[in-house]
Amino acid sequence: MFNPNVVVKNIVTQSGVANGVILVARLLLAYIFLVAGWGKIVGYAGTAGYMESMGVPAALLPLVILMEFGGGLALLFGFQTRFASLGLGIFSILTAFIFHNGAEDAINFMKNFAMAGGFFALMLYGAGRFSLDHLIEK
């Protein structure tokens, strides 16, 4: 009996394909955090004010930038990917509850949860062959 799930599994579990898919996953997840982190760097004062208005101390902004931009760079290059993915997954869930908990922002709440799921899967599978992690672990 034809099972499309098995067909896809047979394709994506081939070593070259799997490593390419993991690379694409890392790049897609890194993109939003690099853009958001850079936005916080260039719009520091505005972001600090927004955080304060949400009840979050602006003194935490450097840590947020480190998490977003630094975590995005870690994913981009595949460096300490499991650790970065764990941190970014938890960060995504926390920011969903802190900044996107209203009914008017439900889509961003759900997006944060979806990203957390991607991070936890990446944490499980690692950075793949096309990464600094692979070079370091060799």
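The values are calculated or read from the model by the stated rules, or taken from the named source; none is laboratory data. Here the structure is a predicted model, which is why all the values come from computation and not from measurement. Glycine gets a Cβ as well: all are built from the backbone with ideal geometry, and neighbour counts include every protein chain shown. Accessible surface areas use protein heavy atoms only, side chains included; no ligands, DNA or RNA. Shrake-Rupley method; radii C 1.70, N 1.55, O 1.52, S 1.80 Å.
Before moving on, here are some points about what is shown:
- Annotation for the range 47-70: no member residue is modelled with pLDDT of 95 or more, within 17 Å of Ala116 (Cα to Cα) and of a type in the set (Ser, Thr, Tyr).
- Number of the condition not met by Ile90 [criteria: (1) surrounded by 15 or more Cβ atoms within 10 Å (Cβ to Cβ); (2) under 12 Å from the mean Cα position of the chain (by Cα); (3) under 25 Å from Gly49 (Cα atoms)]: (1)
- Counting residues in the range 43-55 that are open to solvent by 70 Å² or more (accessible area, probe 1.4 Å), within 16 Å of the chain's Cα centre (by Cα) and of a type in the set (Ser, Thr, Tyr) gives zero.
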